[in-house]
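The structure under discussion appears below in the form of structure tokens.
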Amino acid sequence: MDEVFKALADPSRRALLDSLNARNGQTLRELCAGLDMARQSVSKHLAVLEEAGLVATVRRGREKLHYLNAAPVHEIAHRWISRYDQARVQALADLKLALEETPMDAPTFVYTTYIRTTPQKLWQALTEPAFTRRYWATEFTTDWSVGSPMTWDNHGVLISDPEQVVLEAEPYSRLSYTWHAITPELAKRFGWDEELLTRLSGEARSKVTFTIEEAAAQVVKLTVVHDSFEPGSSLAEMVSHGWPNVVASLKSLLETGEPLPEDA
């Protein structure tokens, strides 16, 4: 946490975070254009933010896109806020909320966290029902071969659709699949009204990708990228709030043996 607090202490780095909060997924050139800083200074500040985990990057062809990463602040909220008076950490809570917001003009969700585990155990946690039902209340029926269909059991609702498929499956390193279909049964389970159901059902199918990298002995870097949304996507807004809780609960399960409480 020292690196996070040190990174946030610098006003120039906070300005970079503000810029990304206003428009996520910017290149270095775009960040430099919006700030009164030299390219070299911006690069150095971004390196500090990346080292602290506050900024995550994704390659798109020859470009390197920068995204806010809510994981460090999310973890501070879970581990520290309960120890202090709420009024003293209101600014931190506001920052946490800001970092979890995904601007709808660039609807790509990127989230990076570090977990004390192994790539093998993390792969199990992402694919095996014995794990996924505990931290996500979700199970998958599939053989995890590229192109194979996936049946979701999402909070007790079975969802089958021919476009729910495995896109990539490299054990212990990379997993990608299309997101589930939106059904009336799912809307009933979560209490969505007819307007929201119609809006979600009309959106193009998105996809999620998990990248697993060994960061140190018994420490794994997990990056979650959820993209392929339409501009103004309602689902993009929903998953930007849902993924931090899912990943935090996954991390807790692997590190402590218990997922986070459902109301965490």
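The values are calculated or read from the model by the stated rules, or taken from the named source; none is laboratory data. As the structure is a prediction and not an experimental result, all values here were calculated from the model. Here the Cβ positions follow ideal geometry from the backbone for every residue, glycine too, while neighbour counts run over all protein chains shown. Protein only, heavy atoms only, side chains kept; ligands, DNA and RNA dropped before computing areas. Shrake-Rupley method; radii C 1.70, N 1.55, O 1.52, S 1.80 Å.
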Residue list for segment 107-128, restricted to those being without any contact (Cβ under 8 Å) to a residue 60 or more places away in the chain and in a strand (DSSP E or B): none
Pairs where the first residue, in segment 33-47, is more than 18 Å from Leu68 (Cα to Cα) and at pLDDT 90 or above and the second is polar (S, T, N, Q) and surrounded by fewer than 16 Cβ atoms within 10 Å (Cβ to Cβ), C-beta under 8 Å, 6+ apart: Ser41/Ser12
Residue among Val55, Val73 that alone is of a type in the set (A, V, I, L, M) and either at pLDDT below 85 or farther than 21 Å from Val225 by Cα (or both): Val73
Count of segment 119-129 residues which are touching a helix residue (DSSP H, G or I) at 6+ places or on another chain (Cβ under 8 Å) and open to solvent by 20 Å² or more (accessible area, probe 1.4 Å): 2
Looking only at segment 136-145, and only at residues there that are open to solvent by 20 Å² or more (accessible area, probe 1.4 Å) and under 27 Å from Glu255 (Cβ atoms), the one that is nearest to the chain's Cα centre (by Cα): Trp136
Output for segment 30-47, where each listed residue is assigned to a helix (DSSP H, G or I), farther than 26 Å from Phe210 by Cβ and open to solvent by 40 Å² or more (accessible area, probe 1.4 Å): Glu30, Ala33, Gly34, Arg39, Gln40, Ser41, Ser43, Lys44
Qualifying residue in segment 188-200 (condition: in the same structural domain as Ser228 (by the TED database), among the hydroxyl-bearing types (Ser, Thr, Tyr) and under 23 Å from the mean Cα position of the chain (by Cα)): no
Looking only at segment 1-29, and only at residues there that are charged (D, E, K, R) and open to solvent by 50 Å² or more (accessible area, probe 1.4 Å), the one that is farthest from Tyr67 (Cα to Cα): Asp2
Checking Phe131 against (1) part of a strand (DSSP E or B); (2) modelled with pLDDT of 85 or more, the condition it does not meet: (1)
